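Peer 1: The structure under discussion is supplied below as structure tokens; questions concerning it will follow.
Since every read-out is calculated from the coordinates, none of them should be taken as a lab result. Note that this is a predicted model, so its numbers are computed, not measured. With ideal geometry, Cβ positions are generated from the backbone for all residues, glycine too; neighbour counts draw on all protein chains shown.
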Amino acid sequence: MNLRKFANPEKNRISGYRVAQSISLILISVMVSLMFVACTKEKKEQPEIAVNVRIATAEKKKIQPYLETTGTLKANEEVAVSSEVDGIVRQIRVDEGSPVNKGTLLVEINEIDYILDWKRSEAALKQAEANLANAKAEYKRKNTLYQEELITRQQFDDITTKIALAEAEIDRAKATLSISKEKLTRTKVYSPLNGAVKEKRVSVGDYVRNGTPLLQLITINPLKLNFTISEKDAASIKIGQEVAFSVDSYADKQFKGRVSLLYPNVEEKTRTLQAEALVPNADHLLKPGYFARTLIYTAAPREVVLAPITALLYDNAVIRIFVVDGDKARERVIKIGGKYGEFVEVLEGLKEMEQIVVIGQNNLSEGVKVNVAR
């Protein structure tokens, strides 16, 4: 019997423990490897999830470049009609809103005092004419006497002076009569333009003086459209350009006019240029004060590729969109031009008939699988 084999039982126990520990480690490593392989296989077999999106087709359309702004309709002319004489308002022949033509009788001032003044002036003229006739008759008599040396030079000069004074008196009487007639005619106030009554400033029975405003008149054909454009667009607008606009009262109707005035300066606070357009209004549908949504056409019509504004993704100065290629999303960096309602002109990066993602693009990246919702 080999007694060494049993000489150190503690050493044998330690050796057995180490063998068991090694076996355990090997088993754990095998199990971990099997789990990794299983997970990798499961991951490879998991299908790719598609992102749901909605798309729109890029279209090529003929458009006419324009600037979009807002404006206000105003009367082309606005006149305050005032009294030119003193007196009591006897009659007002129009109301607020009444249409008027040039020469329409508007207001009558009590003319009694002016009629009497006119008659006094007429009488004064007749008196002056009679005085001149007497002076001329006397001159004729004294001229004969002077020729026969029966009166002095002084007496003859006196009658000559009297004739001159009588003639001056006639001129003065005629001027006074003309003024009286003119004042009498001005007791009737007439419209200086074709338009309408905007406001009455006086009532019947009011005492007015020379210069007192009586009525406010406005022209309603044509009207004036006041609008502003930004400083950067100022170079693209010129006198005579066509302007189209709509108003809330006739939302389905488009009205047109032409640029008639560009102000000589840009306002510093708003950095905008003020402009005006004349708008025909023969049927009187438009009213001063209407708010107008305005388009100013800046170039001839041309064909462009359009994309919905909702498809654009902004990253500072970079503008991106996603298009659908088969079942994959493809990222495009684009360059845009003008905006036309809900669409924008695409100058670079998009072709006609490509499918643009308009909903769901925020969840996309290059090459992601997509599911187009119908």
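Peer 1: Run the quick spin-label model on Glu366 and Thr212: label points 7 Å from Cα toward the beta carbon, then report their separation in nm to one decimal.
Peer 2: It works out to 8.4 nm between the two label points.
Peer 1: Which of the GluC sites (Glu not before Pro) across region 246-286 are loop residues per DSSP, with 10 or fewer other Cβ within 10 Å?
Peer 2: Working: sites: Glu267, Glu268, Glu276; in loops: Glu268.
Answer in residue order: Glu268.
Peer 1: Amide H to amide H under 5 Å from Phe343: which residues, 5+ apart in sequence or cross-chain, H placed 1.01 Å off N in plane?
Peer 2: Under 5 Å from the amide H of Phe343 lie the amide H atoms of Ile309, each far enough along the sequence or on another chain.
Peer 1: Continuing with the same structure: Which loop trypsin sites (Lys or Arg not before Pro) in region 279-352, with loop taken from DSSP, have no more than 12 other Cβ atoms within 10 angstrom of their Cβ? Walk me through the numbers before you get to the answer.
Peer 2: Working: sites: Arg293, Arg302, Arg320, Lys328, Arg330, Arg332, Lys335, Lys339, Lys351; in loops: Lys351.
Of the trypsin sites (Lys or Arg not before Pro), the ones in loops of region 279-352 whose Cβ has at most 12 other Cβ atoms within 10 Å are Lys351.
Peer 1: Now, a different point. If you wrap a convex hull around the Cα atoms of the chain, how much volume per residue is inside, in Å³?
Peer 2: Dividing the Cα hull volume of the chain by its residues yields 342 Å³.
Peer 1: May I pose another question? Computed over the Cα atoms of region 84-216, what is the ratio Rg over Rh, Rh following Kirkwood?
Peer 2: 1.33
Peer 1: With each pseudo-label sitting 7 Å past Cα toward Cβ, what's the Glu108-Val204 distance in nm, one decimal?
Peer 2: 1.0 nm
Peer 1: Mind checking the dipole of region 84-216: about its Cα centre, +1 per Lys or Arg Cβ, -1 per Asp or Glu Cβ, Debye to the nearest 20?
Peer 2: The dipole of region 84-216 has a size of about 260 debye.
Peer 1: Same structure again: Just going by the charge dipole of the chain, with Lys and Arg at +1 and Asp and Glu at -1 on Cβ, which of Thr176, Val79, Pro192 is farthest out on the positive end?
Peer 2: Val79
Peer 1: Can you give me the long-range amide H partners of Glu111? Hydrogens built in the peptide plane at 1.01 Å from N, cutoff under 5 Å, separation of 5 or more residues or another chain.
Peer 2: none
Peer 1: What lysines sit close enough to Lys140 to cross-link, taking a C-alpha to C-alpha distance under 22 Å and skipping anything fewer than 8 places away on the same chain?
Peer 2: Result set, ordered by chain and number: Lys126, Lys162.
Peer 1: Something else now. Taking 0.36 nm per residue of separation and subtracting the Cα-Cα distance, what length does fully extending Thr160 through Lys253 add?
Peer 2: Length gained, Thr160 through Lys253: 25.4 nm.
Peer 1: Going by how many other Cβ atoms sit within 10 Å of their own, how do Leu217, Leu350 line up, fewest first?
Peer 2: In increasing order of surrounding Cβ atoms, one gets Leu350, Leu217.
Peer 1: Here is a follow-up. FRET efficiency for Lys232 and Lys328, Cβ-Cβ distance as r, R0 = 56 Å, nearest 0.05? List each step's numbers first, then the result.
Peer 2: Values: r = 39 Å, r/R0 = 0.70.
In this case the efficiency is close to 0.90.
Peer 1: Still on this structure, I have one more. Return a whole-number percent for the relative contact order of region 84-216, with Cα pairs under 8 Å and 6 or more residues apart as the contact set.
Peer 2: Rounded, it is 50 percent for region 84-216.
Peer 1: Still on this structure, I have one more. Under a point spin-label approximation (7 Å from Cα along Cα-to-Cβ), what is the Asn316-Glu167 distance to one decimal in nm?
Peer 2: 9.6 nm
Peer 1: Can you work out ³J(HN,Hα) from phi for every residue in region 270-279, in order, using Karplus 6.51 cos²θ - 1.76 cosθ + 1.60 and θ = phi - 60°, giving whole Hz and x for Gly and Pro?
Peer 2: So the Karplus estimates, Gly and Pro as x, are 9, 6, 10, 10, 8, 8, 9, 9, 8, 10 Hz.
Peer 1: Name the most mobile residue of Thr298, Thr228, Thr152, meaning the one with the largest mean-square fluctuation, in a Gaussian network model of the chain with Cα contacts below 10 Å.
Peer 2: In the Gaussian network model the winner is Thr152.
Peer 1: Okay, next question. Put +1 on the Cβ of each Lys and Arg and -1 on the Cβ of each Asp and Glu in the chain; which of Thr104, Leu306, Thr212 then has its Cα farthest toward the positive end of the dipole?
Peer 2: Checked the options; the winner is Leu306.
Peer 1: OK, next. Long-range amide H contacts for Leu261: which residues qualify at under 5 Å (H placed 1.01 Å from N, peptide plane, sequence gap of 5 or more or a different chain)?
Peer 2: The list, which skips near neighbours in sequence, is Glu276.
Peer 1: Mean Kyte-Doolittle of at least 0.0 and a Cα length of 18 Å or more along the axis: which whole DSSP H helices of the chain meet both? Each step should come with its number before you reach the end.
Peer 2: On the way: long enough: 9-45 (54 Å, 0.24); 112-147 (52 Å, -0.92); 153-185 (49 Å, -0.48).
Helices meeting the span and hydropathy rule in the chain are 9-45.
Peer 1: Quick one: if the Förster radius is 56 Å, what FRET efficiency do Lys62 and Thr185 give, using the C-beta to C-beta distance and rounding to 0.05? Display every interim value, and only then the final one.
Peer 2: Numbers: r = 62 Å, r/R0 = 1.10.
Working from the Cβ atoms, E equals 0.35.
Peer 1: Follow-up question, since we're still on this one. How high is the relative contact order of region 200-310, given as a whole-number percent (alpha carbon pairs under 8 Å, six or more residues apart)?
Peer 2: Computed value for region 200-310: 30 percent relative contact order.
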